Amino acid sequence: MVSKSYSNLLELASGEAPSFGYMNRRIPRIMTVAGLISDVDDDPVDSVCSDPSSSSAHRDRIIMVANQLPIRAQRRPDGNRSCWCFEWDENALLQLKDGLGDDDIEVIYVGCLKEEVHPSEQDEVSQTLLETFKCVPTFLPADQFTKFYHGFCKQQLWPLFHYMLPLSPELGGRFNRSLWQAYVSVNKIFADRIMEVINPEDDYVWIHDYHLMVLPTFLRKRFNRVKLGFFLHSPFPSSEIYKTLPVREEILRALLNSDLIGFHTFDYARHFLSCCSRMLGLTYESKRGYIGIEYYGRTVSIKILPVGIHLGQLQSVLRMPQTEEKVCELIKQFSDKGRTLLLGVDDMDIFKGISLKLLAMEQLLIQHPDCQGKVVLVQIANPARGRGKDVKEVQAETKATVKRINETFGKPGYDPVILIDEPLKFYERVAYYVVAECCLVTAVRDGMNLIPYEYIISRQGNEMLDKVLGLASSPKKKSMLVVSEFIGCSPSLSGAIRVNPWNIDAVADAMDSALEMADSEKELRHEKHYRYVSTHDVGYWARSFLQDLERTCSDHVRRRWWGIGFGLSFRVVALDPNFKKLSMEHIVSAYKRTTTRAILLDYDGTLMPQSSTIDKSPSSKSIEILSSLCRDKNNVVFLVSARSRKMLSEWFSSCENLGVAAEHGYFLRMKRDEEWETHVAATDCSWKQIAEPVMKLYTETTDGSTIEDKETALVWCYEDADPDFGSCQAKELLDHLESVLANEPVTVKSGQNNVEVKPQGVSKGLVAKRLLSAMQEKGMCPDFVLCIGDDRSDEDMFEVITSSMGGPIAPRAEVFACTVCRKPSKAKYYLDDTTEIVRLLQGLACVSEQIVSFSSEQIVC
């Protein structure tokens, strides 16, 4: 039984005793492919339940963490004291009590209230919210909240993530270390609140948005196996923008402490992956439709799915009598006067492109005078979420532009632009959606923007609104969208007219096209959009994310975990139970007990770091260690490398008894003074005349790449090229070479920053077989085998030595197949880096020196 040190406030609040058993719990499934339901079965072997009856009493539990709780709070006077009244904020995106289904899953919310609560009232407010709404409020001192939210979040992260660099103090805030410290401190406070309610072995934690990007590190540090998802609701900038952030690596590593990271679009995910590649040297790959980053033995999954709207809530608002009344009012104001309504709904901030939209409206009226008096743009400007000089400037510019347009094109009883900059009730906004002929979204950068989705559902309407609008009983509805290509919802709205909001003329033309388009075409576009939006609501988005989170975390129980690093550099290592670090004490003990030893060593990435210096020759220390090992008559030491025999001969000329296999084992010699032999039949290298021109083509177009011409192989190296472009070119080159060399006796392989063409039948695994067979022929069945390598080509050696027990290798031999770094491998052991490998070999060499010295003394005696 695994003990759990946590205090479950929900159980304490309800008066129930805390439960400490594992629970066989399921997350609702969604349809991912037509006709197929994705399912991940719980493994009963890995699941322990203290009381079968107790597990049925619990539901799946998600801890939803965001900057703000989906709660409206209002203080009301009550005699001599004040009391608080709370209600759900129906406009909050993360208010998922209906979207997930109360019977399937229990949601606990952790976040801040919009209103400040006096410290003397905080305990009472916490108790009320916990018992009534299952919300855990996080209380922050006013000055700390200002530094955290209005400081680091809104002045530094938010502008940067929307592609605004702080080139001057006026353009976004310059990095401020005290604001960053406040950001980290607030994330730590959130972690403390989560720890009060979490059941770490069972609960899923879902963190939202850029306000809490370092929170995964605090949770992972406290609970290594926590099931943790993160979703970014804003854009993620390109690596060229993101790398200007002084704390770029700290934030990336914190996000990678999640199990699943979600983005609205592929562009945002691609930028994040590129940052991980360029700044942390991490690689990613796609397997069966899932993108994953290998990070210290863990696979961090990447989810790409745009969020949806609260469909049921919006449809209920459409049925409200107040909505019908407002629609009637708007019909009298616009439609009955022969005016077509264009609608914009945006927050009042610098990235929503309100002024660009107004300029496009002005251009429309200039280019199409017939629209004057007939077309009205209603711009609803929601209050800005941030504050500062930029917000005031946007407000002033917007009002000035509206005034100028109305003075130029307005007539008595007609204003071409109506600016509504006061807060509207949701039903009032929905009424505008219902009446608007076209919705315009011209944001210059926005994470998602759900306004077009709300507009589409509102235009679908219902029978009550159809009567008010005077529509026939035909089920066909129509709507038109003009959307910026820089917003997250744009890719999913293929029927919208996409525009570059900076091109005023193009936006004006798009507005005209939307007005002039045939009704039949509008109906087809609306039908396509409605089908997508109605089936991809916020509930679908949440269930899909949680399903992938469960899939990603399914092997947590079966793996061993431990944490490494300090502060925000903390990360956990997750390994298979049978995969462990090679202990110096363990291998030295086995080395001393054995008498016939085989040692096989790779060179690049094993004895020499992959990208340490331009000079790749071995250090004097490495040569001395190898010489010491070779002097021990009980050892057979072999260096197995992809490098040429000429280079290896020069580098290791002082190691008399060192066996060397060059070019992956094509050339082989058992000792320095022996002749080189070939392990396979002589190869015709005429294929080089085909491969070399192709490689030269890619070298010319890939700055930093080179070609290495070996005796029997050709290698295209891109270690010094741009990592993203080099990797992309390598994939293309691999396909190209496989195509042109299809009928040649060669294999094309992708390696660590290279693509290599070599003869068929050559591998390091064959070298291991050859060495073990030669020892067996001499009556030397090794009882100790050590094999160390770092890349794919070394996996062949690992496979050979682990499968040779009882054959060339003694039945009870000590076998150590060891890779470099924690990663999926056929080896059973690992060491962290080349420094640890050299240290281990030095330890073995010291033992050999002692044995040789002792033997010499015995002979003298």
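Site pair Asp735 and Glu463 shows an inter-label distance of 5.5 nm when each label is modelled 7 Å from Cα along Cα→Cβ.
Quick check for you: which residues of the stretch 642-666 have the amide N under 18 Å from the point 7 Å beyond the Cα of Lys778 toward its beta carbon? Once the point is set 7 Å along Cα→Cβ of Lys778, 655-662 turn out to lie under 18 Å by backbone N, inside the stretch 642-666. Relative to the current alpha-carbon distance between Trp562 and Ser168, full extension at 0.36 nm per residue lengthens the span by 137.5 nm. Computed over the stretch 311-536, the P(r) tail beyond 21 angstrom holds 53 percent of alpha carbon pairs. Please work out the FRET efficiency for the pair Cys821 and Arg387, using the Cβ-Cβ distance as r and a Förster radius of 56 Å; give the result to the nearest 0.05. Given R0 = 56 Å and the Cβ-Cβ separation, E is 0.75. Over the chain, DSSP H runs of length four or greater, each weighted -39,500 (n - 2.57), average out per residue to a 222 nm ellipticity of -11500 deg cm²/dmol.
Other residues with beta-carbon under 13 Å from the beta-carbon of Gly373 carry, at +1 per Lys or Arg and -1 per Asp or Glu, a net charge of +2. Beta-bridge orientation, the stretch 311-536: approximately 5 percent antiparallel, per DSSP, counting only bridges with both partners inside. In the frame of its principal axes, the stretch 183-259 has Cα extents of 40, 21, 19 Å, reported largest first. Farthest towards the positive end of the charge dipole of the chain, among the residues Tyr829, Asn743, Leu471, is the Cα of Tyr829, using unit charges on the Cβ of Lys, Arg, Asp and Glu.
By the Cα gyration tensor, the chain has an equivalent ellipsoid whose semi-axes, rounded to whole angstrom, run 62, 34, 24 from largest to smallest.
Length available on full extension from Ser569 to Glu700: 0.36 nm per residue minus the Cα-Cα distance, which gives 43.3 nm. Between the stretch 696-733 and the stretch 566-600, what is the C-alpha centre distance in whole Å? Rounded to whole Å, the Cα centres lie 35 Å apart. Here the accessible area of the stretch 131-273 is 52 percent carbon and sulfur, with a 1.4 angstrom probe and all protein chains present. Near the amide H of Val785, within less than 5 Å, lie the amide hydrogens of Ala598, Glu814, Val815, Phe816, all on another chain or at least 5 residues away, with H placed in the peptide plane.
The charge dipole of the chain, taken about its Cα centre with unit charges on the Cβ atoms of Lys, Arg (+1), Asp and Glu (-1) only, comes to about 840 debye. Binning the alpha carbon pair distances of the stretch 701-759 at 10 angstrom intervals from zero yields the distribution 24, 56, 19, 1, expressed in whole percent. Taking a point 7 Å from the Cα of Lys188 along the Cα-to-Cβ direction, the residues of the stretch 231-255 with backbone N closer than 20 Å to it are 247-255. The listed residues Asp673, Asp346 rank as Asp673, Asp346 when sorted by accessible area, largest first, using a 1.4 Å probe. Per residue, the stretch 311-536 exposes 43 Å² of solvent-accessible protein surface, assessed with a 1.4 angstrom probe and all protein chains in place. Within the accessible area of the stretch 598-735, the carbon and sulfur atoms contribute 49%, probe 1.4 Å, all protein chains present. Since only Pro306, Leu607, Leu342 are under comparison, the one whose Cα sits farthest along the positive direction of the charge dipole of the chain, derived from C-beta charges on Lys, Arg, Asp and Glu, is Leu607. When peptides 547-560, 512-525, 273-286 are ranked by their average number of other Cβ atoms within 10 Å per residue, the highest-first order is 547-560, 273-286, 512-525.
Accessible surface calculations at 1.4 Å, restricted to protein heavy atoms, place the stretch 598-737 at 46 Å² per residue.
If you plug the beta carbon distance of Lys476 and Ser316 into 1/(1 + (r/R0)^6) with R0 = 22 Å, you get a FRET efficiency near 0.40. The packing ranking of peptides 134-140, 684-690, 124-130, highest mean first, is 134-140, 124-130, 684-690, where packing means the average number of other beta carbon atoms within 10 angstrom of each residue. Ranked by the mean number of other Cβ atoms within 10 Å per residue, highest first, peptides 391-398, 592-599 order as 592-599, 391-398.
When you restrict to C-alpha pairs under 8 Å that are six or more residues apart and normalise by the size of the stretch 686-759, the relative contact order lands at 32 percent. Spin-label model, Glu196/Glu407: points 7 Å from Cα along the beta carbon direction are separated by 5.6 nm.
For a straight C-alpha distance cut-off of 20 angstrom, the lysines reachable from Lys403 (same-chain residues fewer than eight places away being disregarded) are Lys352, Lys357, Lys374, Lys392, Lys411. Short-range pairs are left out: with C-alpha atoms under 8 Å and at least six residues apart, the relative contact order of the chain is 9 percent.
A simple charge model with +1 on the Cβ of Lys and Arg, -1 on the Cβ of Asp and Glu and nothing else charged puts the dipole of the stretch 311-536 at about 340 debye relative to its Cα centre. Between Glu624 and Asp832, the simple label model (points 7 Å from Cα in the Cβ direction) yields a spacing of 2.4 nm. Separation of the stretch 829-852 and the stretch 623-695, taken as the distance between their Cα centroids, equals 22 angstrom. Other residues within the sphere of radius under 14 Å centred on the Cβ of Tyr455, judged by their own Cβ, net out at +3 (K and R +1, D and E -1). Of the residues Leu215, Gly373, Phe272, the one whose Cα sits farthest toward the positive end of the charge dipole of the chain, with +1 on the Cβ of Lys and Arg and -1 on the Cβ of Asp and Glu, is Leu215. Taking all protein chains as present, what is the carbon and sulfur share of the accessible area of the stretch 311-536, in % to the nearest whole number, probe 1.4 Å? C and S atoms contribute 49 percent here. Of the Cα atoms belonging to the stretch 317-360, the radius of gyration and Dmax stand at 14.3, 36 Å.
The values are calculated or read from the model by the stated rules, or taken from the named source; none is laboratory data. This is a predicted model, so every value here is computed, not measured. Cβ sites come from the backbone with ideal geometry, for glycine too, and all protein chains shown count toward neighbours. To get the accessible areas, we keep the full protein, side chains included, count just its heavy atoms, and leave off ligands, DNA and RNA. Shrake-Rupley method; radii C 1.70, N 1.55, O 1.52, S 1.80 Å.
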